[in-house]
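Throughout, read-outs are computed from the coordinates displayed, never taken from laboratory work. Treat the numbers as computed from the prediction; the structure is a model and nothing was measured. Here the Cβ positions follow ideal geometry from the backbone for every residue, glycine too, while neighbour counts run over all protein chains shown.
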Amino acid sequence: MSASEGAREVLAVKFGHRVTTRAQTYHNFHFYGEPDAEMDIDYYFWVVRDARGVYLVDTGFSPAVGARRRRACHATPAELLPVLGIAPDDVTAVVVSHGHWDHTGNLGQFPRAQLVMAEAEYAFWTSPLAARTQFAEHREAQEIEALRRARAQDRLTLFSGQYTLAPGFELTEVGGHTPGELIALVAAGGGTTVLASDALHFYEEVERDRPFAILADLPGMYRAYDTLAQLAAQPGTHLVAGHDPAVRARFARYAAAPAAGTAAPAGTEVTDLTAPRP
Ligand SMILES: [Zn+2]
């Protein structure tokens, strides 16, 4: 069913990849007494499309920043959205799940979209603390500047707790990974898709209770896992991890053909988050 028929689509777009290690991925990995091993990390942004419009959750990272940080960037949103039949100007709102560099790149591709993020997240990344090395490593100053500019232009919506972006499209602040990390609950396909972004990088964090290596607040991160586990236990609720290649195994590949005259950039993959595989 296409968006024009009234269905809401929720898509994960894999646009980047890197090989990392388990020791770099999990907080105090040595506590678990297991040998280290390589693991793949995917980079995604997410698209929600319905009769009202097109929404993005995060905007990936820019090719230049990816090159400097040695992450392969296969496409930016402006390169990939046309494959889905979406022009960047069709995007009405961009949800910023948190202020890390791999989620806040390419904001300049959406100069007219309304940006939405948690007030605590914005306050943190525009505060002096964000310049301290352990935090500054994860942000790009010019991208935080882009958020400041959006605020000056009255294009930035800040919220605390919960925010309804559209009917059946709720944002919930959970913190933990960053001071105002949010998750998105999207009603679609008769169920609810939970876009956890970096409240859950890998399913193993919730399924084996293993905090991710980068965090602002460890108790908050455990509480966010509890929130996600409770959501996932509800019938028809699909949990979507923010960096896990398993997302592409747990959900079906998006079936629609590329828009006329377009082709998906090599290395990208679009997954239908309303279609869990049996
Ligand atoms: Zn991330």
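Numerical summary
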{"item": "Tensor-based shape of region 41-142 (alpha-carbon gyration tensor, a/c under 1.5 rounded, otherwise prolate or oblate)", "result": "oblate"}
{"item": "Under 5 Å, built H, 5+ apart or other chain: amide partners of GLY53", "result": "none"}
{"item": "Karplus-derived HN-Hα couplings along region 263-278 (A = 6.51, B = -1.76, C = 1.60, θ = phi - 60°), whole Hz, x at Gly and Pro", "result": "9, 5, x, 4, x, 8, 8, 10, 10, 8, 7, 9, 10, x, 6, x"}
{"item": "Shape of region 90-213, Cα gyration tensor, a/c cut at 1.5", "result": "oblate"}
{"item": "Residue-by-residue Karplus 3J(HN,Hα) for region 45-61, coefficients 6.51, -1.76, 1.60, Hz, glycine and proline x", "result": "10, 10, 10, 10, 10, 8, 5, 7, x, 10, 10, 10, 10, 6, 10, x, 10"}
{"item": "Counting DSSP beta bridges with both ends in the chain, the antiparallel % (nearest 5)", "result": "75"}
{"item": "Amide proton proximity set for THR192, modelled H, under 5 Å, gap of 5+", "result": "THR237, HIS238"}
{"item": "Computed [θ] at 222 nm, deg cm²/dmol, the chain (DSSP H ≥ 4; -39,500 (n - 2.57); rounded to nearest 500)", "result": "-5500 deg cm²/dmol"}
{"item": "Three-way shape label, the chain, alpha-carbon gyration tensor, a/c 1.5", "result": "rounded"}
{"item": "Under 11 Å, Cβ to Cβ, from LEU81 - net charge with Lys/Arg +1 and Asp/Glu -1", "result": "-2"}
{"item": "Gaussian network model of the chain, Cα within-10 Å springs - most flexible of PRO211, PRO128, PRO77", "result": "PRO128"}
{"item": "Top positive-direction residue, dipole computed over the chain with Cβ charges, set SER197, TRP46, THR227", "result": "TRP46"}
{"item": "Local net charge near ARG22, Cβ-Cβ under 10 Å (Lys/Arg +1, Asp/Glu -1)", "result": "-3"}
{"item": "Computed FRET value (nearest 0.05) for ASP36 with ARG208, which takes r as the C-beta separation and R₀ as 22 Å", "result": "0.90"}
{"item": "For region 64-106, alpha-carbon Rg and Dmax in angstrom", "result": "11.8, 31"}
{"item": "From phi via Karplus (6.51, -1.76, 1.60), per-residue ³J(HN,Hα) for region 171-182 in Hz, x at Gly/Pro", "result": "9, 10, 6, 10, x, x, 4, 9, x, x, 3, 10"}
{"item": "The chain - charge dipole about Cα centre, Lys and Arg +1 at Cβ, Asp and Glu -1, debye rounded to 20", "result": "420"}
{"item": "Residues whose placed amide H lies under 5 Å from that of LEU115, excluding near-sequence neighbours", "result": "VAL94, LEU156, THR157"}
